[in-house]
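J.: Next up is a structure, given as structure tokens.
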Amino acid sequence: MALFDSHRPGFNLLLILVVVSIALMSLDRIGTRWVSELDNGLGGATDGVIRVIHQPIELTHSVFQWFADRDQLHAELERLREENTLLRGQMQQFVSLRREVDALREMLRGPAAEIPAVLLARRVGHPPRAQGNLFTIGRGLADDIKPGNPVIDADGVVGQVLRSTRAGATVIQVTSRDHMLSVLLGDTGRTALLRGTGENELIAERVPERTQIAPGDLLTTSGIDAAFPRGFPVAQVTDIETDEAQGFVRILAEPVADLARLDHVLVITEPPDSPVSQPDGEKIAAERPDVSGDAADVD
Amino acid sequence: MSTSWIAIILSSLVALVLTLLPLPPEVHVHNPQWLLLTVIFWSLYRPAQAGLIYAWCAGLLLDVATNGLLGLNALLFTLTAFLVLSLRVRLGVAPLLSQALLIAGFTLLYLAVALWVEGVAGDLVSMATYLSRAISNLAAWPVVYFILSRLGKRASR
């Protein structure tokens, strides 16, 4: 009888599988090309599974929308129309301002301001994770979405693309514990690294005490990390704590993007501020000593 | 035989779907590890078909689906399946309750190893260099064995 055959597994096979797993983990950590290809290939299947699971939810959502109140729909339409007019009005100003900035930059022999290309994507699900700071969007490799592309919503930075497959892409939010980005602290011109905590809070550690920053100030992307273009709002300072180490403060901030209710997001598909832009390059050079100086202070 | 293959693959897929179900985070923490339980069941009752390689593949699939560290669940699934397969003769005929208790015990081990690996994960890059040492040890062993056994024979003579 099958139950009483001893199917003792071979030690050799176990050892081989263990070594392969450890090698895979290390290579994944290092970020090897063929491991990420394996991840993308298999991820296409699992992302498809996640999408299929989410279909019933989408369906109930659309059914509810069907039965939504007529007045409510009209109110929504009215609100959107107003918002659209407002935005278009502001856009006119923006166009003329951009022309002005370009003219000024030309005088300084700098390149024109580049507006990155964005792609609208819809959230289709989220893979399970203890912290739950990932979600899947309905666009992927086919739409030229690559890992590392920044993701924003109407208010600010949402996160970055972690993995892109044929079936969609996985986005990691800025609040994830595994995410970090470089930000400008208000108008001070100083940069800091902002890391997620797993909750709706971001932390910048080891900011010099003399930095002129107060609760309510906006933190924007610095562009130094070459992942996010410069100038997108990320978070608003909520509190400033004195660090244990003397001379430093810790900045607590909360993301400006509405991470709890993400429906549509924008993916920035073009590489951000390429290093060829001269004025930015000078700025980076000017800011770098500052950053490294801080790092030296930390040590 | 072929039907059991289909059953194994189908049940693993269903378990994966159950794992990936969108649940609020409070509930999600308590969601059982369906895929692991499926792997344990098949290694208990169909060890000829579902062995270590099956467990490894299921773990890798879970890693990819959850965007985790690639290979972590593959390693843990393989170890669990090995444990189950070696205790199979005793575990297979045990009453359901004691089976459940043992599986809870396995899960505790599983979580302990998972925590440990996540702690080490920062150093996994240096782990890769150690791994190359393991492979060079593998290659050097026959040489060492040959020389030392020669030496041992000569000394005992």
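J.: Of all residues being of a type outside the set (A, V, I, L, M) and at pLDDT 90 or above in the stretch B:80-95, which is least open to solvent (accessible area, probe 1.4 Å)? Just the residue, please. Explain how you work it out, then say what you get.
T.: The first filter runs over the stretch B:80-95 and keeps only residues of a type outside the set (A, V, I, L, M), leaving B:80, B:82, B:86, B:88, B:90, B:92, B:95.
With the extra rule that they be at pLDDT 90 or above, the set shrinks to B:80, B:82.
On the way: B:T80: 12, B:F82: 32 Å².
In this case the residue turns out to be B:T80.
J.: Tell me yes or no: at least one residue of the stretch A:214-221 is within 17 Å of A:S176 (Cα to Cα), in contact (Cβ under 8 Å) with a residue 24 or more places away in the chain and among the small types (G, A, S).
T.: no
J.: Tell me yes or no: at least one residue of the stretch A:148-157 is surrounded by fewer than 17 Cβ atoms within 10 Å (Cβ to Cβ) and either under 27 Å from A:I57 (Cα atoms) or of a type in the set (S, T, N, Q) (or both).
T.: Going through the stretch A:148-157, the residues surrounded by fewer than 17 Cβ atoms within 10 Å (Cβ to Cβ) turn out to be A:148, A:154-155.
The next check asks that each one be either under 27 Å from A:I57 (Cα atoms) or of a type in the set (S, T, N, Q) (or both); those that pass are A:154-155.
Yes; the residues of the stretch A:148-157 include at least one that is surrounded by fewer than 17 Cβ atoms within 10 Å (Cβ to Cβ) and either under 27 Å from A:I57 (Cα atoms) or of a type in the set (S, T, N, Q) (or both).
J.: Facing chain B (nearest Cβ under 10 Å) and of a type outside the set (S, T, Y): does that describe A:V52?
T.: The answer is yes for A:V52.
J.: Can you list the helices (runs of 4 or more DSSP H) lying wholly within the stretch B:1-56 that have 2 or more residues being within 12 Å of another protein chain (Cβ to nearest Cβ) and open to solvent by less than 60 Å² (accessible area, probe 1.4 Å)?
T.: Values: elements: B:2-20, B:25-28, B:34-45.
Where helices (runs of 4 or more DSSP H) fall fully within the stretch B:1-56 and carry at least 2 residues being within 12 Å of another protein chain (Cβ to nearest Cβ) and open to solvent by less than 60 Å² (accessible area, probe 1.4 Å), they are B:2-20, B:34-45.
J.: So the check is Cβ under 8 Å with 6+ separation or different chains; which pairs have a first residue in the stretch A:17-33 that's over 12 Å from B:A74 (Cβ atoms) and within 7 Å of another protein chain (Cβ to nearest Cβ) and a second one that's open to solvent by 60 Å² or more (accessible area, probe 1.4 Å) and β-branched (V, I, T)?
T.: A:S26/B:V125; A:R29/B:V125; A:I30/B:V125
J.: Run A:I172 past the list (1) modelled with pLDDT under 85; (2) open to solvent by less than 100 Å² (accessible area, probe 1.4 Å); (3) under 30 Å from A:T211 (Cα atoms) and report the number of the one that doesn't hold.
T.: (1)
Residue-wise test of (1) within 11 Å of chain B (Cβ to nearest Cβ); (2) within 30 Å of B:L18 (Cα to Cα); (3) in contact (Cβ under 8 Å) with a residue 60 or more places away in the chain.
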{"residue": "A:G48", "(1), (2), (3)": "yes, yes, yes"}
{"residue": "A:T60", "(1), (2), (3)": "no, yes, no"}
{"residue": "A:W66", "(1), (2), (3)": "no, yes, no"}
{"residue": "A:M91", "(1), (2), (3)": "no, no, no"}
{"residue": "A:E100", "(1), (2), (3)": "no, no, no"}
{"residue": "A:A103", "(1), (2), (3)": "no, no, no"}
{"residue": "A:A117", "(1), (2), (3)": "no, no, yes"}
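The values are calculated or read from the model by the stated rules, or taken from the named source; none is laboratory data. Note that the coordinates shown come from a computational prediction; the quantities given were computed from them, not determined experimentally. In this analysis, Cβ positions are derived from the backbone assuming ideal geometry, glycine residues included, and neighbour counts consider all displayed protein chains. Keep in mind that these areas ignore ligands, DNA and RNA; they rest on the heavy atoms of the full protein, side chains included. Shrake-Rupley method; radii C 1.70, N 1.55, O 1.52, S 1.80 Å.
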